[in-house]
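Computed from the coordinates by the stated procedures, all read-outs in this text should not be read as laboratory data. Values in this document were obtained by computation on a predicted structure and should not be read as measured data. When we count neighbours, we look across all protein chains shown, and the Cβ atoms used for this are built from the backbone with ideal geometry, even at glycine.
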């Protein structure tokens, strides 16, 4: 029996803070961090900065599998998310998405941590690189005084078996990770005694015993605890809050050059944490340990460096309190979003670098309010942002918008009708350049016309007019995905998810963007979050299925694909308004070795089912799904290839002529549709073999 080589399957594509409390935080907890140096920055701000490649492992656990509720932490996982975002920020840690492994909650098991630290990290980090390891959760000590990090599945009575030893962590970082610059950040919170031996003093002592070959910055000293405070960014650990703010540029004061060094970050975090906690009647003093150069580069902001002028050293930071006259006013300081202020609920922003800051409050439908503030070293300043001018739209501009909206709402509108809608919207924007709803609709119309460049410009116009316009931010991200800037799309969608945390659709689109940057585990989590908010979302089921397909969770993916098909008519006109899956307006994803997005969600779901059953070697089940996908989208090359591989696999098993003929039909059709396909040589070789052996098979 002739066995034909089968191509590698082309996978399915699925595509801050409120007022501080007068009393200390309710749940004091001990946390410790460790940082290490990076190459020294240049002397002058006019010289280029070389930022070494970075790798990181970020671990956070709030709710433990085997601990009582009082042993859980409130904000640990949020802290890990915040640190993660700072590391990948272009104005912070400057690390690539693919180089940061994040383990949160139930994913932060002992085995998951072991694999990330002992297998993945040593395999990728090289000598010139910088490495950051961050843990936020509980720290434990056994009766012999040995320290452990507490993974999600830690059992208090079995510390040695279920905890991750600090001695092992030290050995991995010291001996196995090749990078010259290594930073260990451990925020090992202790809230009450998890075990009799896990006192604050003994946990802190275990961190002080770490080697001096890398920098350790503990969140507290001796018998001090580490605190969480719901008044910081809606809830955060005090230590991690200032760590993140410092990394994003607030520590850049000595000198102010766009670079955050280890020395600057340590000084900033120690000073701000101690000042903040003392003002609330408690004490927490981060302490550092280990040898490192003072000019070790940890963060870099190209924008900040460009804006730096010759200024005196700033020796202290201050606190800004922002009041607002309207509900849910989003506050930006130097173009960075810090949170929301409302009447009676001012936003407290501690730890800002002294000097001049631009503070802006925005709310959709109102003209922004902007103030320039000169924050003195160590001072606290309260400002009031009053949004007084509600935008009024000229009647003709509104009529033009409404007529264009009526055209757009016709799901089959196209050609001349779309050109008419675009003209109406352009006229409306000429009269009212800040008419954000018109700019967003023009963006969608232009995207439907295939003019993605113009569409992105229109979406940005909408977002510049109203920065809290979540729909415009999401559509901007969708266009960024279409034009190939998936990392920036992810950043935009993360901000949208922060602005609208209960919006299932936002989390669904974030899942799609995460698939594009090949962060499949994060994509699965985002799609699951979307389903927690709306379990009837066909799109979220489809995207979780796609993520699970890439993760080789084929049986789970099958269930999600089938659920997505059962839930919705994917050709519904409402998709045309919002989703990039809309017929005729969908994006094309040319990921290397992966198929383009189908024109309809239904075809995508069918393709995914075919792919899953193929991987499960259920070829007879797979073939009808591929055939259904081709009925929806007859010109999809990857479905023809997948169907051909199914027929070849059946032939290799059963040796029947009709199976070989089916393989030939679909592989030849794939090449007719796309002669320059990246796998064209292999496809041609298969077709040649099929032609040679067809006469020999009955």
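Data overview
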item: Packing-based ranking, highest mean first, of 668-678, 142-152 given that Cβ atoms within 10 Å are counted; result: 142-152, 668-678
item: Rounded if a/c under 1.5, otherwise prolate or oblate - the stretch 452-518, Cα gyration tensor axes; result: oblate
item: Two-site FRET efficiency, residue 419 against residue 528, from Cβ-Cβ distance with R₀ of 41 Å, rounded to 0.05; result: 0.50
item: Alpha carbon convex hull of the stretch 395-578, projected area averaged over orientations, nm²; result: 10.1 nm²
item: Extension gain from residue 399 to residue 221, taking 0.36 nm per residue of separation minus the Cα-Cα distance; result: 57.5 nm
item: Distance from the stretch 315-353 to the stretch 634-698 (C-alpha centre basis), Å; result: 62 Å
item: Viscosity 1.567 mPa s, temperature 4 °C, Stokes-Einstein D of the stretch 317-385 from Kirkwood C-alpha radius, µm²/s; result: 110 µm²/s
item: Centroid-to-centroid separation of the stretch 541-566 and the stretch 496-519 [C-alpha atoms, Å]; result: 17 Å
item: FRET E, pair residue 392, residue 283, Förster distance 51 Å, beta-carbon r, rounded to 0.05; result: 0.45
item: Inter-label distance for residue 562 and residue 672, nm, one decimal - labels placed 7 Å from Cα along Cα-to-Cβ; result: 3.4 nm
item: Whether the stretch 340-471 is rounded, prolate or oblate, judged on the alpha carbon gyration tensor where a/c under 1.5 counts as rounded; result: prolate
item: With 10 Å bins from 0: P(r) over the stretch 467-568, alpha-carbon pairs, percent; result: 19, 48, 30, 4, 0
item: Gain in span if fully extended, residue 144 to residue 53, counting 0.36 nm per residue against the direct Cα distance; result: 28.9 nm
item: Relative packing of 377-390, 223-236, which averages over residues the other C-beta atoms within 10 Å, highest first; result: 223-236, 377-390
item: Global form of the stretch 67-152, assessed from the alpha-carbon gyration tensor, a/c cut-off 1.5; result: oblate
item: FRET efficiency for residue 685 and residue 431, using Cβ-Cβ distance with R0 set to 45 Å, rounded to 0.05; result: 0.15
item: Spin-label zone in the stretch 648-677 - amide nitrogen under 20 Å from a point set 7 Å from the Cα of residue 620 along the C-beta vector; result: 648-663
item: Whole-Å semi-axes of the stretch 601-696's equivalent ellipsoid (Cα gyration tensor); result: 21, 17, 10
item: Of all DSSP beta bridges in the stretch 54-307, antiparallel share, percent nearest 5; result: 35 percent
item: The stretch 54-102 and the stretch 224-290: distance between their alpha carbon centers, rounded to Å; result: 17 Å
item: Paramagnetic reach from residue 161 in the stretch 80-120 [backbone N under 18 Å; point 7 Å along Cα→Cβ]; result: 109-112
item: Label-point separation, residue 380 to residue 72 (7 Å along Cα→Cβ), nm; result: 3.2 nm
item: Full-extension gain in nm, residue 488 to residue 371, via 0.36 nm per residue minus C-alpha separation; result: 39.3 nm
item: Percent of Cα-Cα distances greater than 32 Å, calculated over the stretch 54-307; result: 14 percent
